[in-house]
Amino acid sequence: MTHLLVTGGAGFIGSNFVHHVVANTDDTVTVLDKLTYAGNRASLAGLPEDRVRLVVGDIADASVVDPLMAEADAVVHYAAESHNDNSLHDPRPFLDTNIIGTYTLLESARRHDVRFHHISTDEVYGDLELDDPARFTEQTPYNPSSPYSSTKAGSDLLVRAWVRSFGVRATISNCSNNYGPLQHVEKFIPRQITNVLRGERPKLYGAGQNVRDWIHADDHSSAVLAILAKGEIGETYLIGADGEKSNRDVVELILELTGQPADAYDLVADRPGHDMRYAIDSSKLRSSLGWSPSYADFTAGLAATIEWYRANESWWAPAKDGVEAFYASKGQ
Ligand code: NAD
Ligand code: TDX
């Protein structure tokens, strides 16, 4: 049995990971989460108390991190400021959490010689043109566009340096866009689902042509467990499920699955610096660690996600009005 320290485990992907760990392993988990606007205690509701403990605190505070690191066999580091639109409005928290927070965790893992897995994003590679046959690989040069993605790129480079300079036993994964239950309504898919559920129209940035490569959060979790179990120290693994779709196609599918006309959406102001396309080549993860995704059917996964939001309005409703007021102030 392993004891995991999961940072950001009350957020979207972190909480999905904790549920996945409880369902699929004997491991115990301490979640360290600051419960920012994006963290939600309710996302961990129903998990067994003898296996999952929540500690509310900041990853940038060494006095909080150190005792938790000392008792862990491994740390899985999800905590981050994660939303591009927020990073364009106020970049500072992204530097504090994504850079200083990751540095604080690395120093603690170094002191206690704890295995470290760093969760990152494909956005560190910048973007691709729509007609480019290329996909991102582990060899693609870093070229981040936004304050968010540049702080994630910086955090990845810190991890690499701590492996090489100090022998920290770390791996990194860079995953594509996640969807599934428990995602904050500020993000694209939950925003559009909850708009439709409230009788509002989905909002597409620009012309809606931008492409994202979708993976179900549960498949992200199984990939992370595979890397923890079998990944090679110092290596980076790209995680993706061959799920490229334009934003317009995703909105039209949400409208179809909810019985709305296919054109019942609004085009709104584009995101400044909006990355055009992300696409992941996950061959290394598949061939070297034998991982493959379980959610092959995006339409079925999206339909189940819509049903989750329909059944869990009390989870998302408190955040919805504030998020929409923020977007309205930007013409989005
Ligand atoms: P999220 O915003 O839903 O959750 C982030 C969590 O971190 C929240 O619970 C928040 O309270 C917590 N947190 C923030 N600052 C903290 C701090 N200083 N100390 C402790 N906890 C803090 O984010 P998410 O979408 O679940 O993303 C999780 C991770 O996965 C991030 O590192 C992100 O870069 C990465 N990632 C996300 C995606 C995606 O599609 N959402 C894709 C690839 C990688
Ligand atoms: O209302 C919207 N309308 C819209 O067209 C919103 C909120 C978004 N969009 C577009 C912007 C993107 O092209 O949808 C796409 C997805 O947007 P986000 O959900 O904000 O995700 P993205 O910017 O692609 O970043 C996500 O994937 C990579 C996560 O938020 C990051 O944390 C992760 O690193």
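Below are the figures for this structure:
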item	result
Members of the range 258-284 found to be among the hydrophobic types (A, V, I, L, M, F, W, C), touching a helix residue (DSSP H, G or I) at 6+ places or on another chain (Cβ under 6 Å) and surrounded by 17 or more Cβ atoms within 10 Å (Cβ to Cβ), listed by number	Ile280
Residue count for the range 255-287, restricted to those that are within 28 Å of Ser221 (Cβ to Cβ), away from ligand 1 (no atom under 16 Å from the Cβ) and aromatic (Phe, Trp, Tyr)	0
Some residue of the range 215-223 being closer than 20 Å to Leu88 by Cβ and buried (at least 24 other Cβ atoms within 10 Å of the Cβ)	no
Test for Lys320: is it among the basic types (Lys, Arg) and buried (at least 17 other Cβ atoms within 10 Å of the Cβ)	yes
Among the residues listed as Leu182, Leu225, the single one being part of a loop (DSSP other than H, G, I, E, B) and not β-branched (Val, Ile, Thr)	Leu182
Positions within the range 208-259 being among the polar types (S, T, N, Q) and closer than 16 Å to Tyr295 by Cβ, in sequence order	Ser221, Ser222
Residue that is farthest from Pro181 (Cα to Cα), among those in the range 1-58 that are outside any strand (DSSP E or B), in contact with a helix residue (DSSP H, G or I) (Cβ under 8 Å, 6 or more places away or on another chain) and among the acidic types (Asp, Glu)	Asp58
Subset of the range 42-83 that is more than 9 Å from ligand 1 (Cβ to nearest atom) and in contact with a Phe, Trp or Tyr (Cβ under 8 Å, 6 or more places away or on another chain) - its residue that is nearest to Ser221 (Cα to Cα)	Val76
Qualifying residue in the range 103-114 (condition: more than 16 Å from ligand 2 (Cβ to nearest atom) and outside any helix (DSSP H, G or I))	yes
Residues of the range 229-254 that turn out to be assigned to a helix (DSSP H, G or I), touching a residue at least 60 places away in the same chain (Cβ under 8 Å) and within 15 Å of ligand 1 (Cβ to nearest atom), as a count	1
Within the range 10-41, tally of residues that are small (Gly, Ala, Ser) and more than 7 Å from ligand 1 (Cβ to nearest atom)	2
Test result for Thr299, within 18 Å of Val250 (Cβ to Cβ), surrounded by fewer than 14 Cβ atoms within 10 Å (Cβ to Cβ) and at pLDDT 95 or above	yes
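The values are calculated or read from the model by the stated rules, or taken from the named source; none is laboratory data. Not measured: the values here are computed from a predicted model. Neighbour counts are summed over all protein chains in view; Cβ atoms, including those assigned to glycine, are modelled from backbone coordinates with ideal geometry.
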